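As structure tokens, the structure follows; a few thoughts come after it.
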Amino acid sequence: MAVQKMTSAQVARKVIENQPLFILDVRNREDFEDWKIEGHRFEYLNVPYFELLEGVEEILPKLPSDQDILVVCAKEGSSVMVAEMLSDAGYDVYYLEGGMKAWSSYLEPIKVGDLTNGGELYQFVRLGKGCLSYMVISDGEAAIIDAVRFKDVFIKFAKEKNVEITHVFDTHLHADHISGGRHIAKETGAKYYLPPKDADEVVYEYNPLEDGLTVKVGNSEIEVGALYSPGHTIGSTSFIVDNKYLLTGDILFIDSIGRPDLAGRAEDWVGDLRETLYRRYRELAEDLIVLPAHFMIIDELNEDGTVAKRLGDLFAENHGLNIESEEEFRKTVTENLPPQPNAYQEIRQVNMGKLTPDEEEQMEMEIGPNRCAVR
């Protein structure tokens, strides 16, 4: 029977289009339990590769005969070997090209909506890591917000749309993934912006991203307006785009809120986080569509694959926005935290410009799920 490769792009379409898929994950159990490919209609069997070295006969009764089977490992090699063994046993089977490392890197661009005078807003969904980046397009120009490190994806997309990247923003100094923002700006000649309160230790030049800054994209009336919103970091800044969308960075998510501890200042920043969530955001129009910089669970994806929801709905449904007691809020965001992101201290150093890891080292730093949130 046949062995075929399945790309991360093909898996992404199955996630977004809610298609069924059976995944045989041959990584170690702890790696699988910590982080896997998620889909609403995905089924899983985790059997470490070393348990299959002498044959796959014992797992055959557990495999379906009526849906695609995808074998997954860390880098590809082990999954190819297991797929070939299953093929010899009479199964049509796929292996994931590039393994989980490729899945962690894949970006799916999805149009969020139209803006004033023909403008467009795109969300780049990194399904394997839970990262969300944005591109605002208008009149031949583009602004990028919270770009992940795969700069070529954004530059290529801008070329396909026949637009020039003129502004690049990071809502804060990221700790869970490596930013591509300043590298995109360097390659394209765009202006790069970072909140100065997050930039005390950076070793490169940047434009200050401060409360009230307004940037127009193209010659239309599309405005990208900055709103100071500390709490996840002391410099965290949100954006209101075209008076329709609220880009919240890592302060507010669809099903959770930002954690204040990744710079080691949780107790100091709890008050800032509550002030942003319970006062600054509540002064905004409830019809604004919230677009965060991350998601935690597959349930946060909409039917079209975007991660977006009306601010007023989040006020009603997001537990983190409905904790009346300040003391309970403090405990929630300082004592009930998930594990910290993999290599987050090193990632902060990279984003400050102090470390320059190679591609393989960057990939290793970022392996694993999103852990920027408190639920």
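Worth pointing out:
- If the condition is being buried (at least 20 other Cβ atoms within 10 Å of the Cβ), in a helix (DSSP H, G or I), out of contact with any helix residue (DSSP H, G or I) (no Cβ under 9 Å at 6 or more places or on another chain) and not hydroxyl-bearing (S, T, Y), then region 272-295 contributes only D272.
- Matching residues, region 86-96, being assigned to a helix (DSSP H, G or I) and surrounded by fewer than 18 Cβ atoms within 10 Å (Cβ to Cβ): S87, D88
- Leading residue by the ranking (nearest to T276 (Cα to Cα)) among those in region 308-332 that are open to solvent by less than 80 Å² (accessible area, probe 1.4 Å) and among the charged types (D, E, K, R): R330
- Test set (1) open to solvent by 10 Å² or more (accessible area, probe 1.4 Å); (2) not in a helix (DSSP H, G or I) - G305 fails condition number: (1)
- Qualifying residue in region 107-130 (condition: assigned by the TED database to the domain that holds G249 and aromatic (F, W, Y)): yes
- Options I347, I298: the member that is surrounded by fewer than 16 Cβ atoms within 10 Å (Cβ to Cβ), in contact with a His (Cβ under 8 Å, 6 or more places away or on another chain) and not aromatic (F, W, Y): I298
- Looking only at residues in region 28-54 that are within 23 Å of the chain's Cα centre (by Cα) and basic (K, R), the one that is least open to solvent (accessible area, probe 1.4 Å) is K36.
- The number of residues in region 116-150 being over 11 Å from the mean Cα position of the chain (by Cα) and open to solvent by 10 Å² or more (accessible area, probe 1.4 Å) comes to 11.
- Counted residues, region 11-68 - those being over 19 Å from G99 (Cα atoms) and in contact with a Pro (Cβ under 6 Å, 6 or more places away or on another chain): 2
- Residue identified as assigned by the TED database to the domain that holds Q362, open to solvent by 10 Å² or more (accessible area, probe 1.4 Å), under 23 Å from the mean Cα position of the chain (by Cα) and aliphatic (A, V, I, L, M) among V153, V203, V168, V163: V153
- Top-ranked residue in region 55-69 [being assigned to a helix (DSSP H, G or I) and open to solvent by 60 Å² or more (accessible area, probe 1.4 Å); ranked as nearest to V11 (Cα to Cα)]: K62
- Single residue of region 19-35 satisfying the filter (free of Cβ contacts under 8 Å to residues at least 24 places away in the same chain and not in a helix (DSSP H, G or I)) that is farthest from V72 (Cα to Cα): Q19
- Verdict on E328 being without any contact (Cβ under 8 Å) to a residue 12 or more places away in the chain, in a loop (DSSP other than H, G, I, E, B), assigned by the TED database to the domain that holds L284 and closer than 25 Å to E283 by Cα: no
- Among (1) open to solvent by 20 Å² or more (accessible area, probe 1.4 Å); (2) within 19 Å of the chain's Cα centre (by Cα), the one test that N219 misses: (2)
- Assessment of region 215-233 against the conditions (touching a strand residue (DSSP E or B) at 6+ places or on another chain (Cβ under 7 Å), under 18 Å from G113 (Cβ atoms), in the same structural domain as Y134 (by the TED database) and free of Cβ contacts under 8 Å to residues at least 24 places away in the same chain) yields at least one matching residue.
- Residue within region 258-271 that is open to solvent by less than 10 Å² (accessible area, probe 1.4 Å), at pLDDT below 95 and part of a strand (DSSP E or B) present: yes
- Residue within region 76-85 that is open to solvent by less than 10 Å² (accessible area, probe 1.4 Å) and under 26 Å from the mean Cα position of the chain (by Cα) present: yes
- Looking at V47, V125, V72, V153, just one residue is of a type in the set (V, I, T) and farther than 26 Å from E303 by Cβ, and that residue is V47.
The values are calculated or read from the model by the stated rules, or taken from the named source; none is laboratory data. This one's a predicted model, so the numbers in the text were calculated from it and none came from an experiment. Ideal geometry is used to build each Cβ from the backbone, glycine not excepted, and the neighbour counts take in all protein chains shown. Quick note on the areas: whole protein, heavy atoms, side chains included, nothing else; ligands and nucleic acids left out. Shrake-Rupley method; radii C 1.70, N 1.55, O 1.52, S 1.80 Å.
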